[in-house]
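**Student:** Here it is, the structure, as structure tokens.
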Amino acid sequence: MRRGVRLGVDVGSVRVGLAASDPSGLIAAPVETLRRDRTEGSDLRRIVSEIAERDVLEVVVGLPVSLSGREGPAAAAVRDYAADLAGRAAPVPVRLVDERLSTVSAHQALTASGRSGRRHREVVDQVAAVLILQTALDAERATGRPPGSTVDPGPAPG
């Protein structure tokens, strides 16, 4: 298992959840929820700042695919977001991993913990990011290989 902090990202249409691993790459924990900023890119700048602050080994972004494994418009949007992030985060690699049902699982975990449904919105993206990252960490530990696929950087931000 490679040592180093990983950053997990759950990209939504309104919010972006962040999680980070410990330096040994064993446990994922919530970091924060960002407002998605399609015009100014403040969310992407915040993620890049977090990468530098934590000396991140790699970023793991959840790719929403259907239960059948097909990719729809949401997956295409996440691929674009991840490519933009990869361009800004270089040389730190960005990887896409299957995030099937992570948001559903996050809502279930919050309900099981006694948090009311109305208050899920505040933290569900962070919990989803934790689930995405923890799944990736566990997969690497089981296989000895980095999870998912590396994202080619998009054009540099103008």
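**Student:** Distance in nm between label sites at Ser66 and Arg141, each 7 Å beyond Cα in the beta-carbon direction?
**Tutor:** Placing both labels 7 Å along Cα→Cβ, they lie 3.4 nm apart.
**Student:** Let me ask something else about it. For region 1-76, what is the accessible area per residue in Å², given a 1.4 Å probe and the full set of protein chains?
**Tutor:** Details: 3680 Å² over 76 residues.
Per residue, region 1-76 has an accessible area of 48 Å².
**Student:** A further question on this structure: What do you get for GluC sites (Glu not before Pro) in region 1-61 restricted to DSSP loop and a cutoff of at most 11 other Cβ within 10 Å of the site's Cβ? Kindly include the intermediate steps, with their values, before the conclusion.
**Tutor:** On the way: sites: Glu32, Glu40, Glu50, Glu53, Glu58; in loops: Glu40.
Here the sparse-neighbourhood loop sites are Glu40.
**Student:** Mind listing the long-range amide H neighbours of Val94? Cut-off is under 5 Å, sequence gap 5 or more, other chains count too, H placed in the peptide plane at 1.01 Å from N.
**Tutor:** Val59, Val151
**Student:** Name the long-range amide H neighbours of Ala20: under 5 Å, sequence gap of 5 or more, or other chain; modelled H, no Pro or chain starts.
**Tutor:** Long-range HN contacts for Ala20: Gly8, Ala29, Val31.
**Student:** Find how much the distance from Leu26 to Ala90 grows on full extension, using 0.36 nm per residue of separation minus their present alpha carbon separation; answer in nm with one decimal.
**Tutor:** Numbers: separation 64, 0.36 × 64 = 23.04 nm, distance 2.38 nm.
Residue separation times 0.36 nm, minus the Cα-Cα distance, leaves 20.7 nm.
**Student:** Show the residues, 5+ positions off or on another chain, whose built amide H is closer than 5 Å to the amide H of Gly25.
**Tutor:** Gly4
**Student:** Pop out the carbon and sulfur fraction of the accessible area of region 1-91 as a percent, whole number, probe 1.4 Å. Spell out each step's value before the answer.
**Tutor:** On the way: 2320 of 4310 Å².
Ligands and nucleic acids excluded, carbon and sulfur reach 54 percent.
The values are calculated or read from the model by the stated rules, or taken from the named source; none is laboratory data. None of the values given here were measured: they were computed from a predicted structure. Virtual Cβ from ideal backbone geometry, glycine too; neighbours counted across all protein chains shown. What goes into the accessible areas is simple: the full protein's heavy atoms, side chains included, and nothing from ligands, DNA or RNA. Shrake-Rupley method; radii C 1.70, N 1.55, O 1.52, S 1.80 Å.
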